Amino acid sequence: AQSVTQPDIHITVSEGASLELRCNYSYGATPYLFWYVQSPGQGLQLLLKYFSGDTLVQGIKGFEAEFKRSQSSFNLRKPSVHWSDAAEYFCAVGAADSWGKLQFGAGTQVVVTP
Amino acid sequence: GAVVSQHPSRVICKSGTSVKIECRSLDFQATTMFWYRQFPKQSLMLMATSNEGSKATYEQGVEKDKFLINHASLTLSTLTVTSAHPEDSSFYICSARGGLAPEQFFGPGTRLTVL
């Protein structure tokens, strides 16, 4: 069965500092990988996605993620965080043979300090 | 593009009543819609998958008679929580995908509070 692990439940980062959120997955084939962001009381916004091809993916809001098959990882990065990046971040895994169903990680809460 | 709306955004109801939540894809045809439930500070839990014109597929442990899902058109799916109880209070989020594209676009969510 596919699974997604986000090892960090909570991360605190200073404004202007770099950010990296970890995501590890377990799946037999190459999955579809996503990062979503959720602000309090809101739905999810897609930051970026990986289906195939270039393993370094650029997303919105200055985020990027790198797919590393050997490590079964899809970590999210941002070189310089802004206070508005404080939110909950979810990594998700999908597969072509599951009607598009997504498996979500537990999420990582990001707090940005001045 | 790819906007999904939900209505209402918040609803408070009495125990034993039924509540209907609508999910609409505004600028694309959603061949598949998904309904999730999210408890405070937790991840999303998939409740069911619905394809236009066919019966919804429910995840294990989700009562299909309690959570009625209708996907009558390519732009609208509804979730009806029947005979709601306080333990049904939660944040319900829908998502939609069009065609064969694997990404899902999420609605803003509906906060249900059952008194």
> For residue B:31, which of the numbered conditions (1) within 13 Å of another protein chain (Cβ to nearest Cβ); (2) surrounded by fewer than 16 Cβ atoms within 10 Å (Cβ to Cβ) fails to hold?
Replying inline: (2)
> In the range B:104-115, what count of residues is obtained for those that are facing chain A (nearest Cβ under 7 Å) and open to solvent by less than 40 Å² (accessible area, probe 1.4 Å)?
Replying inline: 4
> With respect to residue B:101, is the statement that it is open to solvent by 10 Å² or more (accessible area, probe 1.4 Å), under 14 Å from the mean Cα position of the chain (by Cα) and either facing another protein chain (nearest Cβ under 8 Å) or closer than 19 Å to residue B:28 by Cα (or both) true?
Replying inline: no
>> Going residue by residue through the range A:98-107, is there one that turns out to be surrounded by fewer than 21 Cβ atoms within 10 Å (Cβ to Cβ), more than 8 Å from chain B (Cβ to nearest Cβ), under 19 Å from residue A:16 (Cα atoms) and out of contact with any strand residue (DSSP E or B) (no Cβ under 6 Å at 6 or more places or on another chain)?
In response: no
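Could you count how many residues in the range A:54-67 are free of Cβ contacts under 8 Å to residues at least 12 places away in the same chain and away from chain B (no Cβ under 14 Å)? Even if it seems obvious, please write down each step before you answer.
First, pick out the residues of the range A:54-67 that are free of Cβ contacts under 8 Å to residues at least 12 places away in the same chain: A:54, A:56-58, A:66.
This time we only want the ones that are away from chain B (no Cβ under 14 Å), so: A:54, A:56, A:58, A:66.
Qualifying residue count, the range A:54-67: 4.
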> Limited to the range B:53-94, what total is found for residues that are in a strand (DSSP E or B), open to solvent by less than 20 Å² (accessible area, probe 1.4 Å) and more than 14 Å from residue B:22 (Cβ to Cβ)?
Replying inline: 3
> What single numbered condition from (1) over 20 Å from residue A:2 (Cβ atoms); (2) among the aliphatic types (A, V, I, L, M); (3) surrounded by 16 or more Cβ atoms within 10 Å (Cβ to Cβ) fails to hold for residue A:111?
Replying inline: (3)
> Can you tell me how many residues in the range B:34-47 are facing chain A (nearest Cβ under 10 Å) and in a strand (DSSP E or B)?
Replying inline: 6
> Filter the range A:3-24 for residues that are open to solvent by less than 40 Å² (accessible area, probe 1.4 Å) and over 11 Å from the mean Cα position of the chain (by Cα); which is farthest from residue A:87 (Cα to Cα)?
Replying inline: A:17
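The values are calculated or read from the model by the stated rules, or taken from the named source; none is laboratory data. This structure is a prediction, so every number in the text was calculated from the model and none was measured. We place every Cβ from the backbone using ideal geometry, glycine too, and count neighbours over all the protein chains shown. Just the protein is used for accessible areas: all its heavy atoms, side chains included, with ligands, DNA and RNA removed. Shrake-Rupley method; radii C 1.70, N 1.55, O 1.52, S 1.80 Å.
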